[in-house]
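These notes concern the structure reproduced below.
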Amino acid sequence: MSITATVHIQHDRLSLIPTVKSLQGVNVRVITQVNTDPEVSYFPFLVEYRDRRELEQVLDSDPTVEAYELVDWADQQGIYYVEHSPETKLISTVVTEVNGFLVESETTDGGWLVRVLLPERSALNAIWEYTSEENISFEIIDVYANEYAVGSESYGLTDEQRTALQAAYEMGYFFEPRETSLEEIAEEMDLSSTAMSGRLRQFNNPTLIRAGCANIPLAINGGNSSQYLLYRSAASF
């Protein structure tokens, strides 16, 4: 089942981050394009800033920029083609390798907020492994499944698992630090610790835990949406 994930990545050598950190109020977005060549090192960007001359002076000294070309400028924003320097860190290569697609990318909080379409959850783990190797900070904001599961199960959850998951979340089991223990949840639900552990075992998602995101799984009950939320960062509540 394909997923759509929103992640926030940070590193001083991510594309155009030196420019973003040098200019207060600048905003950069990647202009989405269909490109299947993982070796491509230039991309179109929409850059919003009040002063074109000041912007280009900073671009000239940005270590992630090998070259750039202005396509158009109007209303304090410009479209630039940017060729990245060899030292630039990119996730586009690994996204392409796992047959993913960068849907949307925008600078925020000193990094990039990226929405990516992936063929399966294991692809997200592959991206995390790549960013870990490159010392790129990687925070999962949310993950959606792109198909709606009908019937008595939601994304493979039985009613018992869904109830256990809801109770564990409400009691703070997925928070960091945890606000309750497995034994306390089991007692609340009149179950043994072993039975409760079995119902929650599948939610020890290695991608989320190893990324240190303190993410919490949510089960969605019913609804007619074509997408449903699998995980959302605790910080987003």
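Taking the numbered list (1) of a type in the set (Gly, Ala, Ser); (2) crowded, with 16+ Cβ neighbours inside 10 Å; (3) touching a helix residue (DSSP H, G or I) at 6+ places or on another chain (Cβ under 7 Å) in turn, GLY110 passes all entries but (2).
Restrict the check to the stretch 46-64 and report whether at least one residue is modelled with pLDDT of 95 or more, under 26 Å from TYR144 (Cβ atoms) and surrounded by 15 or more Cβ atoms within 10 Å (Cβ to Cβ). Yes.
Residues of the stretch 42-59 include at least one that is assigned to a strand (DSSP E or B) and in contact with an Asp or Glu (Cβ under 8 Å, 6 or more places away or on another chain).
State whether the residues of the stretch 66-76 include one that is under 26 Å from the mean Cα position of the chain (by Cα), farther than 20 Å from THR131 by Cα and assigned by TED's automatic domain parsing to the domain that holds ILE127.
no
Scanning the stretch 149-164 finds no residues that are at pLDDT 90 or above, under 30 Å from SER193 (Cα atoms) and polar (S, T, N, Q).
The values are calculated or read from the model by the stated rules, or taken from the named source; none is laboratory data. None of these values were measured; they are calculated from a predicted model. Because the Cβ atoms are built from the backbone with ideal geometry, glycine has one as well, and the counts that use them run over all protein chains shown.
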